[in-house]
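The values are calculated or read from the model by the stated rules, or taken from the named source; none is laboratory data. Quick caveat, the model's predicted, so the values are computed rather than measured. No Cβ is skipped: glycine too gets one built from the backbone with ideal geometry, and neighbour counts run over all protein chains shown. For the accessible areas, the whole protein counts, side chains as well, though only heavy atoms, and no ligand, DNA or RNA atoms are used. Shrake-Rupley method; radii C 1.70, N 1.55, O 1.52, S 1.80 Å.
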Amino acid sequence: MAYGKVEVWMAVAVGFAALDLGAEAVDLNLPEGFEAHRIYDVPVKTQGSWVCITFDPQGRLIASSQFGGLYRLTLPPLEEDTPPLVEPMDVEVGAAQGLLWAFDSLYVVVNGTSKSGRQSGLYRVRDSSGDDRLDEVSLLRKFDGAGEHGPHALALTPDGKRIFVLAGNGTEIPEPLDDSRVPQIWADDHILPREQYRGSVIGPLGGWVCITDPDGRYWELFCRGMRNPYDIALDRQGNLFTWDSDNERDTGQPWYRPTRVCFLSSGGDYGWRSGSGKWPKYYKDSLPPAVELGTGSPTGIVFGYGTHFPSKYRDALFVLDWSFGSIEAVFLEPDGAGFTGRSEVFASSNALPVTDVAVGRDGALYFTTGGREMDSFLYRIRHRAPDFEEVSEEEGPASELATIRRELDSHHVSRDPSHVDKAWPHLGSGDRFVAASARTILEHHPPARWRERVLEESDPLAKINGLIALARTGKNADREPMLDALNRVDVANLDEQGILDLLRAYQLSFTRFGRAPDRLARATAKRLEKLYPSDTFFINRELSRLLVYLESPRVIATSLDLLTKGRTQEEQIHFALVLRLVETGWTPGQRKTYFRWFNHAAASYRGGAGVVNQPSKSERIFKQVFGQIRSAAVSTLSERERTALRGILEGGDAAFQPKLVEPAGGGEIVRHWKVADLADALDGLEGRNFLRGRSMYTAASCAACHRFVGEGQPIGPDLSSVVARFNHRALLESIIEPNKVISDQYQQTLVELKDGSTLTGTLLENRDDSLKIQLNPLVPDAILSIDPAQVERLSPSPVSSMPSSLLDTLNRDEALDLMAYLLSRGNPEHAVFQ
């Protein structure tokens, strides 16, 4: 089996020191029955810091230093307590962030950073003399990109005949391409101007995956639009997965996207755009993630195939998080033609900057730590009672929708006109991946072949999807018939996703064709005004963009009301963002409310705290973007308005009060709830007040630390997959009794000082000469530096950072409504109450 590996890390280094754990056994947090050993200490001064590994056909490990050369390790048998044989590979290539053994060759993705002195590109390395020494190096394709967002991973295609190549958003797509599964019509597609900021303007619409042949002569674009994924892995069915990075500077902003495990599908666009322009996952012209994992720094990934682990873990996708020092096990499940899943922490430690991972022939999991020239080690994880059960490597049966999607995908590199007919029945599919694959076929063919058919289509979902294709491929002459067709779609027959698709089609008609004639613009605005406001934030978000663009006279009053009632800072910031562009139509009272909100938000809201050892820097970027939004709003004021608002603009008037829904008790303690008080009602949550539960999510301070269906702060775990991870009682216990079970990933550290005092917080740095602890996760700048000589002992804190009294201000109905909301995954139609 071949492995494609790559590691790059974001600018989040904690400066970990070497783990002082002895020569063999390692005390990592692992599931019951597993054990870890450190089997090699990499001499950093001579061998560098290792970031990339793979195995050759003989079962030897090949490793690469981030800036240096390659090394080959002959590993001892599991039962032997001897060090590996480490040999430098005498070949002029290195600085690899992708390694793959295939076709009697070692393929190397060189990330040509300035420190490495090497040229970025895909290289093929072979043994020309048959002496088991690689000596022949060929550059197959030069890459325009390097560094942390440069070229990354490799993996064999499912048929074993070609190679997937992955790169981050700082790398240009190789040119020329021989073919592209992604229609080459991509654009930013923002209906309103976005805010750009330092660290956000990288790359040409995101990272990409290409397919090439063994000789590197043929190049085909497979998918694009990720941010900066660092590795790829295929499941037994040949489905390709990656773990894409977030931008930690975006935390607290409405456009923040957490780290995400994505199923990479043919022709897909995954919606990364720079600055505030990142596409939400519900956009019809993008594809959604399978699992969202919150903040982190993704590095290597690998499926557990070939391990001698219990069956639960043999099928898991192991993903490495460099900044949190953890390995997560992701359990993926088919969901139509795509996937969903859940995750749990598999291995973790306070000082474990994991870089890459691979499965050995001995059934153990091997991983490296290091990066950025830090101390580097090679580890092995095995199970004490290995399971040697033979697991079939044959492809299992695919679902009907997955079979349809694969058939449609096969037509993405052919231009046979008959394929339009094959795609048509699936344009209106309720499955995102099937519908996207069908639309991709249309976009590969001239609109003349299918334009009239779309305009006459009676199925509303098929019509909307087809009109999106027309907007992306058509001409200006298509604008009026397209808008007429959209205006005839009956919104009453659409669910929330259908309405979002309709609104996206409107947006694309304007981004691609420009502003409509006044008659159509007014008709469209009046139609959309009837929908605004909606009961859901996502629909209101897209309506507000459209109505600002169309200069609706109603957009100020409705958007300002939604701003003042916004349940989270992300909601409020969004409406402030779109209103910054409205120059006319304001009343003096509306202007005062709007700019008082800026003063309130500047004093109250925080974000950009994802950089573990640089929270102040990230917070500054959050404030910088916030300042840019305010400056843009100020620029729309007349001199008369500036004079009238001088006191507010100078920050002297912050008399803004959000119109949040409070608990019936007004925030006072109602009852100190116990699990037994509410457990009896957990089996009867059908028909609860969903909207009140949504309001209680904010009122109980859940949103201050947790993301849920795209809203809230990513300080604690994302609750979007709570249904998959907890039964009803376990969920209630985790809220009322948070100290009962504390995840290793979020456990705080108890610091006992020699003077008898104690401190509790998140351990950010633990070195011989420095110890740093974050005292309050809600205040990222609250970092205390402690002299290690004054520390008596460090130990896991038995107290969770989550308060145990969050439900105490809610009455019984409010608490149960909140439970129903969490179990609904944000949509009452998806509720799982059994």
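Quick notes on this one:
- Kyte-Doolittle mean at least -0.5, axial Cα span of 27 Å or more - DSSP H helices of the chain: 615-634
- Peptides ranked, highest mean first, by Cβ atoms within 10 Å: ranges 130-142, 517-529: 517-529, 130-142
- Space enclosed by the convex hull of the alpha-carbon atoms of segment 478-596, per residue, Å³: 103
- Note on ARG812 and ARG554: the model spin-label points, each 7 Å out from Cα along the C-beta direction, lie 4.2 nm apart.
- Hydrodynamic estimate: the Kirkwood radius of segment 306-442 over Cα pairs, inserted into Stokes-Einstein at 20 °C and 1.002 mPa s, corresponds to D of 119 µm²/s.
- Evaluated at q = 0.20 Å⁻¹, a Debye calculation over the C-alpha positions of segment 258-332 (equal weights, vacuum) places log10 I(q)/I(0) at -0.95.
- Applying D = kT/(6 pi eta Rh) to segment 36-115, where Rh is the Kirkwood radius over alpha-carbon pairs, T corresponds to 25 °C and eta to 0.890 mPa s, the Stokes-Einstein value obtained is 185 µm²/s.
- Relative to its residue count, segment 319-389 spans a Cα convex hull of 136 Å³ per residue.
- Rounded FRET efficiency, nearest 0.05, which uses the C-beta distance separating GLU389 from GLU686 and R0 of 45 Å: 0.60
- Peptides 428-437, 181-190 ranked from most to least packed by the mean count of surrounding Cβ atoms within 10 Å: 428-437, 181-190.
- Where both bridge residues fall in the chain, DSSP classifies roughly 95% of the beta bridges as antiparallel.
- Three principal axis extents of the chain based on alpha-carbon atoms, in descending order, are 79, 76, 56 Å.
- Accessible area of GLU79 in the full protein assembly, 1.4 Å probe (Å², nearest 10): 150
- Peptide ranges 699-705, 471-477 listed from the most packed, as the mean C-beta count within 10 angstrom indicates: 699-705, 471-477
- Per-selection metrics, segment 202-315 (Cα): Rg and Dmax in Å: 15.2, 46
- Between segment 64-78 and segment 408-435, the alpha-carbon centres lie 45 Å apart.
- More than 20 angstrom apart: percent of Cα pairs within segment 386-485: 42
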